[in-house]
Structure formats: structure tokens, C-alpha cells
Amino acid sequence: MVIGLLLLLFCNALCAQESKEEKKTMVYLERSETLNFDEKRIADAQILVGDVVFRHEDALMYCDSAYFYEKTNSLDAFGHVRFEQGDTLQGFGDLLYYDGNSKIARLRRNVRLVHGRENENPTILTTDSLNYDRNRGIAYYYTGGTVKDSLNTLTSRKGTYTPNTKQAVFSRNVRLENPNFVLTSDTLLYNTATRVTDIISPTVIIYEEETDIHTSRGWYNTESEHSMLLDRSLIEHTNGQTLTGDTIYYDKRNGYGRAIGHLEMRDTAQHATLYGMYGEMWEENNRGLATDSALMVDWSDSMHLAYIHADTLYTEALHYTDSAMQDSTYRRVKAYHGVRVYRDDMQMVCDSMVYLSSDSTIHLFQSPVCWSGNQQISADSICVYLKNNMVDHAVCTIDALCVMQDSLGMFNQMSGKEMITYMEEGEAKLVDVSGNAQTIYYPLEEDGSIVGMNTTESSFIRVYVENRQVERMRFTKNTTGILYPIEQVPGGADRLSSFFWAVNARPTDPDDVFRKAKIEK
């Protein structure tokens, strides 16, 4: 039983060997002007000189002279060597060593491999030493080479090229030169038909005086300039705009990028950075959009960084070219839904917001509330004016309310159709209330004790604030009011009808802008 099995295995191996041997084909000498032998100098070799041509299967080899070793089915060719396979692949060089059994051609000195018809923009590989494995259909070099097609020129220390798939693999000191950019890498895959590079190692793509791309994995279409960049890639523009993300789709020609996963969009010219899990960037007007955990950090003033969160954040640079504002550029930021803002001198929440750097204004819409120090202001809409990156004043329109909690925990309140709060060093100093102006405030004795509770109604009231306390008020002539001793304040009289205190919704630090907080009125 065992012997039979061994015989069967031996027969199979023998048949496989015979089948393998049958695949070997002979190299034939097609022609030569002279044929000689010199056994002492070159044993077992035919010495051929003048217009020498060999044939092996579908390959032809031309040269000025050659040594033909018929027993080993091999040859050495010299001078004006030309190797042809089919009608689309040609190799040129000064020397050729060809083994008909292994079907490996070794071209040396001034080597050029041309793939494709001459009138069809062929791919040309040049090197000093090239091996071509006809069994696998792969050409490779290891002492430096260049592959050139009609669009790109690629150089590297080592490389392989497969004519059937038109796929090339380059390694060590890889450089791709395109009319628009230069790509450098350690290892790169490139297809001469699709003009697409597969990036598998740290790679830099440089558009001179425009854009730098840093990535370690992805693909780049060198013809359309579309790319998919993976593994935390970075796009840098000379205008100061950068885009970083886990995955980036980038259309260089149209100046558009889309990032998915931990994006960071930085604008050094406008001193702002966008973060989020998804975002888009347009080079025109330095536009950027972020959503999904979106955050904008405004670092135009290093002393007062602003942290803005919303469902969607959008920023753009707008340019003026008229005679009044020549070469002027300003930034516009739009925030939509669930807006929360933290600055050390002011905090804000609202549904939507617009910031304009042209006049340094922040416009808050739909139930906005702002806090600064011990003061809370709210209205139908609020416009905050900045001066030297500090809050200068805030204008509240329709159903305006200002609440200030004093050192004793009492709530000084002001309401009206319009209210303007003026700030200094991050604290309220003056409040103007107009249109059905109402106040509730607690005047204090010099020793800090409460005098009582004062209520007023007027068409206009001016409130002076010192050390976060209401110092005094000015009224119009037609003002009415009542001062209640603190122990005689009627029930419910200590609150204006529009009063609410939303300190629990106030952002307390940069991370707190992500907290969802509902304002109870």
C-alpha cells in the first residue's frame, strides 16, 4: 500500500517535470553576416557578427554581434541591442544577456524600455541596468531609473514595471514630476494608463507657491488632480489655510476639500480654527464648514480666545474692491442651531449667530442670552460690539431684559423694548433702557445693608454700575416708582414679568460649550 502510494507520487512528480520541460522552447538564430567558433577563447559558443537577429517565441532580439550558446539556450548580445516582444514592447541597450530557459532578459548600459506604439504616447523606462522577466511579464531595475509617460516623469532608486497591467512600483527616493506639482515619497505605486498613484508611505505633494499635501496613504489622480487621502493627512495653502482630517477627499483643480473624522481647518490669516467630525473647505474666499461636534476657536486675541459650538459652523473671507475699501478683507462666521459661546469676558447661547469682522459685531438670534460677570441679558435679538477684541457694548432689541445678581444674592432687574449695555474690562458700567422701561433694584446703605426694594416705570432709564452693583439711576420726569422696605415687599413683586435666571445654562469653560442645556423661562 505504502509502496504503491510512493510510486504514484513519483509518477506524478515525473509527469510534472516532463510537463515543465515541455514548456521550454528553443532560441533560434534567424540571421547573421558571419558565424565562427573559438573553443579556446569561448567554449560552446557561436560567434556571430553583423546584423544578428534571434527569435524566441514571440520575441525578436537584434544586435551588432553576439555569442550564442545553443546548448544552454542562451546568448550574449553586443552593440545596438534591440529587444522586441509583440508590437508594443521594445528594449534598447548596449548589452543583452538572455536565457531562453528562464526567459529572463538582462539589458545593460544606456537601457531604454518602450511600451506602446510611438504614435500613442508610449511609456518609456530608462536606466543603466534592467531585467525583464518574460514569464511574469515584469521589468525591474535596482540602480536608479526613470519612467516617463505623456504627463508624468517618475524617478527612483528601485522600480518594477508590468506592461500587461501598466502598473509600476517605485521605491527609495521616489520623485514624480508633473507640470503642476512635484511628488516625493519612499514607496509609490503608479499606473501609466489611469495616471493614478497609490500612496503607501509618507508622501509630500508640492504645488509651487500654492499648496503642500502631506499624507502616508491614499491615492492621487495626477491627471484630474482628484485624491483620497487617509491616515490623518494635511493640506496646506500659502494663504495660511490648512485642512487636516482622518480621511480627506480633495479636488485640487476646483479648490475643494471634504474631511471626515477629526477635522481641523486652520486659517492663520483670519486667526481661527474649525474642528468637527465632518467638514468642507473651499479655497475661493477661504470658506470652511464644520458639523458633527463642530467647534470654532477664534484666536485673533491670545488673551481672549473665543470658543463657538453649534450644530453647523460656516466661515468665509469676504473681499471689498471698491474705492472706499480697497484691498479690504473681512471674515464672516455663521453658526446654526444650538449655539454656545465661551469667552472669559462673556458667554452666550442662542439658536443662530453671525459674526462680522468688518465692524467687529456678533449678531445673536432666536432667544439669545448673554452673561458677563454677574450680569445676564436677553432679548429677541442681541448685537454685541467688540472694540480691540474686548466687548464694548451690547444692543438688545425687543423684550430686552437685564438681570444683575448683587453680592447679597438679590436680583436687580431692568426690562424694555431696547437696551444698551456698555462694558469696561469685561464688566457692565452703564445700562440704557428705553421703551416701557421697568426696573427692580435694591439700593444699599454705605455699610452694605439693603435699604429696600425700589420699582420704577419710565420711558427711559439710565443705570450706573460700579463694582458689579447698581450705584444710581437717572429717570425721565414722568417716572413712577415705589420703594418698599425689604420686610414689606409684596409677594411676587420682586420679579418683573419677563424675569428668568438661566445660570445653569451658562457655559463655564471651553469644554462646556458642548453641553446641551435648556433655558427655563
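Kindly provide the set of residues from segment 439-456 that are within 12 Å of Asp494 (Cα to Cα) and surrounded by fewer than 18 Cβ atoms within 10 Å (Cβ to Cβ), ordered by number.
Matches in segment 439-456: Gly452, Asn454.
I need the full set of residues from segment 422-438 which are surrounded by 16 or more Cβ atoms within 10 Å (Cβ to Cβ) and more than 27 Å from Lys387 (Cβ to Cβ), in order please.
Gln438
Residue-wise test of (1) of a type outside the set (A, V, I, L, M); (2) surrounded by fewer than 23 Cβ atoms within 10 Å (Cβ to Cβ); (3) assigned by TED's automatic domain parsing to the domain that holds Gly91.
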position: Arg157; (1), (2), (3): yes, yes, no
position: Thr165; (1), (2), (3): yes, yes, no
position: Arg172; (1), (2), (3): yes, yes, no
position: Glu177; (1), (2), (3): yes, yes, no
position: Asp186; (1), (2), (3): yes, yes, no
position: Thr192; (1), (2), (3): yes, no, no
position: Ile205; (1), (2), (3): no, no, no
position: Thr211; (1), (2), (3): yes, yes, no
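For Arg462, are the conditions met, namely being more than 24 Å from Asn504 (Cα to Cα), exposed (fewer than 15 other Cβ atoms within 10 Å of the Cβ), assigned by TED's automatic domain parsing to the domain that holds Leu496 and out of contact with any Pro (no Cβ under 6 Å at 6 or more places or on another chain)?
On the way: more than 24 Å from Asn504 (Cα to Cα): yes; exposed (fewer than 15 other Cβ atoms within 10 Å of the Cβ): no; assigned by TED's automatic domain parsing to the domain that holds Leu496: yes; out of contact with any Pro (no Cβ under 6 Å at 6 or more places or on another chain): yes.
Judged against the criteria, Arg462 is not a match.
Which ones in segment 464-496 are in contact with a strand residue (DSSP E or B) (Cβ under 9 Å, 6 or more places away or on another chain), closer than 15 Å to Phe411 by Cβ and without any contact (Cβ under 8 Å) to a residue 60 or more places away in the chain?
Correct list: Tyr484, Ile486, Val489, Ala493.
Which residue, of Glu425, Glu418, is in the same structural domain as Arg468 (by TED's automatic domain parsing) and closer than 30 Å to Thr268 by Cβ?
After applying the criteria, what remains is Glu425.
Here are Leu496, Leu444: which of them is within 57 Å of the chain's Cα centre (by Cα) and either farther than 30 Å from Leu305 by Cβ or at pLDDT 90 or above (or both)?
Every option except Leu496 fails the conditions.
Name the residue that is surrounded by the most Cβ atoms within 10 Å (Cβ to Cβ), counting only residues in segment 287-309 that are modelled with pLDDT of 90 or more and not in a strand (DSSP E or B).
Ala294
Select the strands (runs of 3 or more DSSP E) contained entirely in segment 366-433, then report the ones holding at least 2 residues which are under 16 Å from Tyr464 (Cβ atoms), touching a Lys or Arg at 6+ places or on another chain (Cβ under 9 Å) and aromatic (Phe, Trp, Tyr).
In segment 366-433, there are no strands (runs of 3 or more DSSP E) which contain 2 or more residues that are under 16 Å from Tyr464 (Cβ atoms), touching a Lys or Arg at 6+ places or on another chain (Cβ under 9 Å) and aromatic (Phe, Trp, Tyr).
Counting just the residues of segment 256-265 that are surrounded by fewer than 20 Cβ atoms within 10 Å (Cβ to Cβ) and out of contact with any Gly (no Cβ under 7 Å at 6 or more places or on another chain), which one comes out farthest from Pro507 (Cα to Cα)?
Tyr256
The values are calculated or read from the model by the stated rules, or taken from the named source; none is laboratory data. All values reported here derive from a predicted model rather than from experimental measurement. No Cβ is skipped: glycine too gets one built from the backbone with ideal geometry, and neighbour counts run over all protein chains shown.
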